[in-house]
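The values are calculated or read from the model by the stated rules, or taken from the named source; none is laboratory data. Because the structure is a prediction, the values reported are computed rather than measured. Note: ideal-geometry Cβ built from the backbone for every residue, glycine included; neighbour counts use all protein chains shown. These area figures cover heavy atoms from the full protein model, side chains too; ligands, DNA and RNA do not enter into them. Shrake-Rupley method; radii C 1.70, N 1.55, O 1.52, S 1.80 Å.
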Amino acid sequence: MTLKKQFVLALFGLFLLLSSCSRKYIPDATYSVEQIKQDFKLMRHALEESHPGIYRYTSPDSIRLVFDQTEKLLDHPMTELEFRRTVNPIFSYIRCGHTDIYPSKGYSKYIKKNKPKEFPLGLYYVENKLRILQNRTDDTSLVVGTEVVSIDGQPAADIIAKMRQLVPSDGYNQTFKTTVINGNFGGFYRYLYGNKETFEVTVQDSLGKKRDLKLSFNKPPKPTKKASTPVKPASNQPPKTPEATPKLMVKTNPKLRTLKQSEKDSTVAILDINTFSDNHYRRFYRRSFKALKTQNIKHLIIDLRANGGGKSDASINLMSYLLESNYVVYDSANALTLRPSYHRYYSHKFSRWYTRYFWSKKLPNGQRSSRSARRVQKPTSKNGFKGKVYLLTNGGSFSAASIFPSMIQQYNPRAVVIGRETGGGRHGCNAFISPYLTLPHTQAKVRIPVFKLLLHIPGADIGHGVQPNYPVEYRFEDVKKARDLDIERAYELINASKNEK
């Protein structure tokens, strides 16, 4: 046998070995009390040893009490889903939006192949009421706006309260929790109460009359093709001059970000940034701010709503076009350890190794600190924006998308924040590297950030996000009509500033 064949056979044998070691997910498979307690103790030890902000907003005694009380609930065999559902509320007490428990790889693959039916109603929680935003049933009497009082005997208020316990957020923030729940109410309901075909729902109309219904998802029929519209005969009226459509100022991927000139006002541009995770941000920002200067834009609306964050460097680079003097973003970025006891269960091994030996330094107390945390950043030398800035935020503005408005609001006197409190903390978060700890028995994954970040801004950290200079609250009617009250408020401010002149 040739050396080449031996090598191929060896690779094939290794593949079979790895395949045989992979665990097939079985939904009803349970783990013994001893197994789930071992997973729990490993998770607890890892969080207490490695999480840099575990006591940032909650005292050690309170955290220990929550751990102890949760462990008492692990008194019977559980499936992976039951285990995650039982320990999930712990993370809401840690009060870190970057720390949560996630399903195993096997569970995720299984759900992709065996998707449950959609929840029969699209529900939206606002003004302390749960209302129907979309009807996916055959019951045409269920109109948009109808209030849902209870589901399967559970009051709506209790369901929302339980869902809030499943969504960790930075500090005492609630806007992030509400945004996440409204984005996937059906998914959270199934996570809490299991997959069902029918749901017993009590609804209440505007007159206070209640009805009990049994609902199930009904796939809407495909829309029929519309017949071609006949061409209208030419009229004697002169043709209307079409309104000038603003051109796309910088071509890019609309899923990532866009820059457009306003349709209402040629001196206004809207920079919509959906994520800071993309790698090609520098070129986009260079071209964008050059276009703003060339077209004499005086007012820039930056939309950070539903931006879940991403790369810190991307947000810092954007700051350089909006700040006029040198700035420091972080006061500190410290890690408890970069070599935890249960190293073999953690992901991101290379990035943690690189960070430990090249990117950080050891402190006298044994912790590690980023070498570049207090780096002085310089504003861009070309095409810095000198006009007024309007930042749009909501509960979905998280991590880097909270750091950015926090710095701009503090250090740019020409900038204001419009909307709702950001989902991420105003004074920082726990992030940079956030590896996953895979629990040995259930294979559930726990995300544990490595660094505690403190922003270089004055004041005490009271556990909330960036507060808007101009708060905007939505009623259900606004949501129903898809009104953009934040943009409307921005234009009001722009018009007011012009009138002042």
> Quick one: which of 276-288, 133-145 comes out on top by average Cβ neighbours within 10 Å, and what's the full order, highest first?
Replying inline: 276-288, 133-145
> If the cut-off is a Cα-Cα distance under 14 Å, which aspartates and glutamates reach residue 129, setting aside same-chain residues fewer than 8 apart in sequence?
Replying inline: 147, 158, 205, 477
> When the chain is fully extended, how far beyond the present Cα-Cα distance does residue 152 get from residue 108, taking 0.36 nm per residue of separation?
Replying inline: 13.2 nm
> Sorted by average packing, counted as other Cβ atoms within 10 angstrom per residue and highest first, what order do 40-47, 355-362 take?
Replying inline: 40-47, 355-362
>> Quick check: from the Cα gyration tensor, does the range 24-182 come out rounded (a/c under 1.5), prolate or oblate?
In response: oblate
>> Restricting to Cα pairs below 8 Å that are 6+ residues apart, what does the relative contact order work out to for the chain? Please round to a whole percent.
In response: 17 percent
>> Students often get this wrong, so check it: of 264/498; 298/386; 260/388; 264/298; 37/196, which have C-alpha atoms separated by over 18 Å?
In response: 37/196
>> Probe radius 1.4 Å, ligands and nucleic acids ignored: give me the carbon and sulfur share of the accessible area of the chain as a rounded percent.
In response: 52 percent
> Normalised by the number of residues in the range 311-385, what is the relative contact order in percent for Cα pairs under 8 Å and 6+ residues apart?
Replying inline: 50 percent
>> Strictly over 18 Å apart at the Cα level, which of 117/210; 361/452; 112/255; 112/177; 115/445; 115/480 would you flag in this model?
In response: 117/210; 112/255; 112/177; 115/445; 115/480
>> Between residue 328 and residue 478, what's the calculated FRET efficiency when r is the beta-carbon distance and R0 is 30 Å? Round to 0.05.
In response: 0.15
>> Given a 1.4 angstrom probe, what's the average accessible area per residue across the chain, in square angstrom?
In response: 55 Å²
